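The values are calculated or read from the model by the stated rules, or taken from the named source; none is laboratory data. Bear in mind that the values here come from a model prediction, so they are computed numbers and not experimental data. Counting neighbours? That spans all protein chains shown, and the Cβs are built from the backbone with ideal geometry, glycine included. When the accessible area is computed, the model is the full protein with side chains, heavy atoms only, and any ligands, DNA or RNA have been set aside. Shrake-Rupley method; radii C 1.70, N 1.55, O 1.52, S 1.80 Å.
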Amino acid sequence: MAGTDPAERAAELRALIEHHNYRYFVLDDPELTDAEFDDLVAELARLEAEHPGLASKRSPTVRVGGEASTLFAPVRHASPMMSLDKTTSYEELIAWGARMERLGAGRSATGDPAEPTQGSAAGSKGLRFTCELKIDGLALSLLYEQGTLVRAATRGDGDVGEDVTANVATVGAIPRALFAAGGPASTGESLTWGVPSLVEVRGELYMPIASFEELNRRQALAGSRQFINPRNAAAGSLRQKDPAVTASRDLGFWAYQLGAVEGGPGFARHSETLEWMRKAGFPVNPHIKVVEGLDEVDEYCRTWQDKRHSLDYEIDGVVVKLDDLAEQAELGSTSRAPRWAIAYKFPPEEKTTRLIDIMVSIGRTGKATPFAVLEPVVVGGARVSLATLHNEDQVRAKDVRPGDTVVVRRAGDVIPEVRGPIVALRPEGLAPWRFPDRCPACGGRLERAPGDSDTFCVNDGCPAQVVARITHFASRGAMDIEHLGEATVRQFVEAGILHDISDVYYMDYDKVATLEGWAGVSVANLRASVEASKRRSLANLLVGLSIRHLGAAGSQLLAGHFRSLDAIAAADADTLSRVDGVGPVIGASVAGFFAAEANRRIVERLRAAGVTFEDPRSEALPQVLAGLSIVVTGTLARWSREQAEAALKARGARSPGSVTKRTTLVVAGRDPGAAKIAKAAELGVPVVDEEAFEELLERGVPDS
Ligand code: IVH
């Protein structure tokens, strides 16, 4: 490059380095080897050293070079990054809003902000607020000079944060250069205003829930520590010495607050600043809403508290801000928080508590499931003292140890889970937990096959398995035997009345009558429900046999195809696997079940007792729902989705997946699809519950 002007070459190098940085960090598609890239940076550094006039604070040699790197250096915020006053009750939220309204209304009417104006509250629309989702991530301050990202910092203690520019520069959602209003600055569009000489944008960095789950799967495979929640995963991804690691993580960003602006447009409302940030290229959350008056604030909060799980990122509340910036300025801030904003926090779905012990429960197939015994804690609206840990690998990946302080999560109706330990709080000397090699119920060996994530007690006579199998046999989704719940089954197993599922039909009722809690009437009731269960469907009987991998859906398919238990028992694995929707895993498992001598004996005893082995042709059912179209949504308590749809079809109805004007009615269980319910409301299609659904199956649609 002899003869080239050093200034020109420096500019060229900077452009090249920017370009290759972008290829490497943002596109993850480098065009140069690391060594070639380092050569460019070294050449630029040499030029800058030889010609001090060329050096610049914003040169990539400053941002990229190891020595000159400012990563994690302390950064003082131009204005403090404040926190927000919080409330957890609607009453307090409304009281705060009412105070804002009084102050606003008072000022214009009487000039005295402390004096409420008569008649200003009820009926009037009140002040304007912006309602925003409170994103559960970490706050960032982004500084742009002449439209270019020059510094990104964490919140830190509010006054001083850490410089994370190099890492933030790899986050695709965060613009490295601002768009002028209406389009990218580089397109040279005519501007209604110039790019501000300086602007600070604040917002929340977060990790989408799906990406968090995927990251944890990858971490587990690599034998690395699990992240406890998406917020920790986002923070951990940002706090990386190597920006390439940050670049490999899926991070999102929502801008929610404009800081200092120099040489740019002025704004009268917070909502205008959001609009400007959106146009300048920042992601601004689409669910932000400007509302009039407290009723609408209240409605927004209630809506999002219900809908929080419909988002693919976590939120922990709503932030309400007075929209008028002059009014904001007038109200000012306390030392820690602005008076013009408040955070309404949803009831927490995560709490920490102490992990007392890890135990193993034995299920009906012998599966040994580890679970956490916790110091009881109220979380997600319920008292939680037990939580599943799924399997050995999960415990290892989470590395939870008895004695740890752990994060417990219970979201909506989902079963509680232990997300992980707080390692910083771990007492010294806690040993990692080891999966037991003996069954806690029968003392037999626990086995885990190569390639299988589950561990099993292989002793078929294990009392825990026997109780679980009989309880399942008698449960709603199987033979539906009233009065034969888990406690009763355990009592009967201990008394030697029940040993396997077929014993249900050979119980010694005289002996039952001698047991604690049993007398003439209760014995007669039990006897009647046992008798009634002999007429359950073939699919229900199959479910009741506790064949590994065979659930309600597979049972329906097999029953529908073979129409009798004997035909299923006679089929080989191959024939079973070829049934549409069944597949080799279930096929092999079912064939294996009927090949075992002990199981054949049980089947023969069931036959001898008079249990129905045939599937009545569906035409045999009264076609009470012929020609109707019934949509099922949400989780029913007593029916799986497949069972419910099969029951409808067996009675002549169609059960499509979406609501249209041809839909007769919608059956809604727990957590129904919001879109389906909304559509039904729009079209005037009736929505009914599970009880009405069961009535429907019996009697059809009542004439109205
Ligand atoms: S406004 C002065 N808006 O909540 C205004 N904060 O408890 C300060 N947050 O540190 C923040 N979503 O990390 C604001 N839409 C939102 C927010 C939000 C999440 C976080 C932010 C802040 C904390 C305050």
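Some observations on this one:
- The residue that is farthest from K367 (Cα to Cα), among those in the range 476-505 that are in contact (Cβ under 8 Å) with a residue 60 or more places away in the chain and surrounded by fewer than 18 Cβ atoms within 10 Å (Cβ to Cβ), is Y505.
- Residue list for the range 609-626, restricted to those being open to solvent by 60 Å² or more (accessible area, probe 1.4 Å) and either touching a His at 6+ places or on another chain (Cβ under 6 Å) or assigned to a helix (DSSP H, G or I) (or both): E619, A620
- Pair list, Cβ < 8 Å and 6+ apart or interchain, from the range 414-433 residues that are of a type in the set (F, W, Y) to residues that are modelled with pLDDT under 95: W433/V395
- Test: residue in the range 283-299 that is touching a Leu at 6+ places or on another chain (Cβ under 8 Å) and in a strand (DSSP E or B): yes
- Taken over the range 225-238, the criterion of being among the hydrophobic types (A, V, I, L, M, F, W, C) and either within 16 Å of the ligand (Cβ to nearest atom) or within 21 Å of V199 (Cβ to Cβ) (or both) is satisfied by A233, A234, A235, L238.
Residue by residue, here is whether (1) on the phi < 0 side of the Ramachandran plot; (2) modelled with pLDDT under 95; (3) assigned to a loop (DSSP other than H, G, I, E, B) holds:
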{"site": "R607", "(1), (2), (3)": "yes, no, no"}
{"site": "P656", "(1), (2), (3)": "yes, yes, yes"}
{"site": "E682", "(1), (2), (3)": "yes, yes, no"}
{"site": "L696", "(1), (2), (3)": "yes, yes, no"}
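- Taken over the range 301-316, the criterion of being open to solvent by less than 10 Å² (accessible area, probe 1.4 Å) and away from the ligand (no atom under 12 Å from the Cβ) is satisfied by C301 alone.
- Test: A341 is more than 30 Å from W433 (Cβ to Cβ), open to solvent by 10 Å² or more (accessible area, probe 1.4 Å) and of a type outside the set (D, E, K, R): no
- The range 149-185 - residue that is hydrophobic (A, V, I, L, M, F, W, C) and in contact with a Lys or Arg (Cβ under 7 Å, 6 or more places away or on another chain) and, of those, modelled with the lowest pLDDT: A181
- The test for being more than 30 Å from T303 (Cα to Cα), surrounded by fewer than 17 Cβ atoms within 10 Å (Cβ to Cβ) and more than 30 Å from the chain's Cα centre (by Cα) does not hold for R662.
- Residues that are open to solvent by 20 Å² or more (accessible area, probe 1.4 Å) number at least 3 in the following strands (runs of 3 or more DSSP E) confined to the range 382-446: 382-388.
- Residue match in the range 342-355 (condition: among the aliphatic types (A, V, I, L, M) and more than 14 Å from the ligand (Cβ to nearest atom)): yes
- The range 251-278, residues that are of a type in the set (S, T, Y) and either open to solvent by 30 Å² or more (accessible area, probe 1.4 Å) or assigned to a loop (DSSP other than H, G, I, E, B) (or both): Y256
- Residues of the range 239-276 classified as modelled with pLDDT under 95 and within 12 Å of the ligand (Cβ to nearest atom), total: 1
- Residue match in the range 666-676 (condition: at positive phi, outside any strand (DSSP E or B) and of a type in the set (D, E, K, R)): yes
- Condition met for P230 (at pLDDT 90 or above, crowded, with 18+ Cβ neighbours inside 10 Å and within 19 Å of the chain's Cα centre (by Cα)): yes
- Residue match in the range 240-258 (condition: free of Cβ contacts under 8 Å to residues at least 12 places away in the same chain and either under 23 Å from the mean Cα position of the chain (by Cα) or closer than 27 Å to C131 by Cα (or both)): no
- In the range 562-588, the residues that are over 21 Å from R605 (Cα atoms) and among the hydroxyl-bearing types (S, T, Y) form Cβ pairs under 7 Å with partners that are assigned to a helix (DSSP H, G or I) and open to solvent by 50 Å² or more (accessible area, probe 1.4 Å), at six or more places apart or across chains, as follows: S577/P584.
- For the range 567-590, the condition holds for no residue, the condition being that it is out of contact with any helix residue (DSSP H, G or I) (no Cβ under 9 Å at 6 or more places or on another chain) and among the hydrophobic types (A, V, I, L, M, F, W, C).
- The set of residues from the range 397-413 being in contact (Cβ under 8 Å) with a residue 60 or more places away in the chain and over 30 Å from P672 (Cα atoms) comprises A397, K398, D399.
- Filtered residues of the range 485-529 (kept if among the acidic types (D, E) and assigned to a helix (DSSP H, G or I)): E486, E494, D503, D510
- Positions within the range 284-300 being within 13 Å of the ligand (Cβ to nearest atom), surrounded by 17 or more Cβ atoms within 10 Å (Cβ to Cβ) and in contact (Cβ under 8 Å) with a residue 40 or more places away in the chain, in sequence order: N285, I288, K289, Y300
- Consider the range 562-582 and keep the residues that are part of a loop (DSSP other than H, G, I, E, B) and among the small types (G, A, S). The one that is surrounded by the most Cβ atoms within 10 Å (Cβ to Cβ) is A571.
- Scanning the range 649-692 for residues that are touching a residue at least 40 places away in the same chain (Cβ under 8 Å) and among the acidic types (D, E) yields D671, E690.
- Which numbered condition G281 fails, given (1) closer than 22 Å to P175 by Cα; (2) open to solvent by less than 20 Å² (accessible area, probe 1.4 Å); (3) more than 16 Å from the ligand (Cβ to nearest atom): (2)
- Filter result (at pLDDT 90 or above, part of a loop (DSSP other than H, G, I, E, B) and more than 30 Å from L238 (Cβ to Cβ)) within the range 93-148: L127
- Total residues in the range 197-225, condition in a loop (DSSP other than H, G, I, E, B) and surrounded by fewer than 21 Cβ atoms within 10 Å (Cβ to Cβ): 6
- Any pair with Cβ under 8 angstrom, 6 or more apart, that starts in the range 333-357 at a residue that is more than 30 Å from R102 (Cα to Cα) and ends at one that is within 16 Å of the ligand (Cβ to nearest atom) and outside any loop (DSSP other than H, G, I, E, B): P348/D316
- Count of residues meeting criterion [out of contact with any Phe, Trp or Tyr (no Cβ under 8 Å at 6 or more places or on another chain), of a type outside the set (S, T, N, Q) and touching a residue at least 60 places away in the same chain (Cβ under 8 Å)] in the range 537-547: 2
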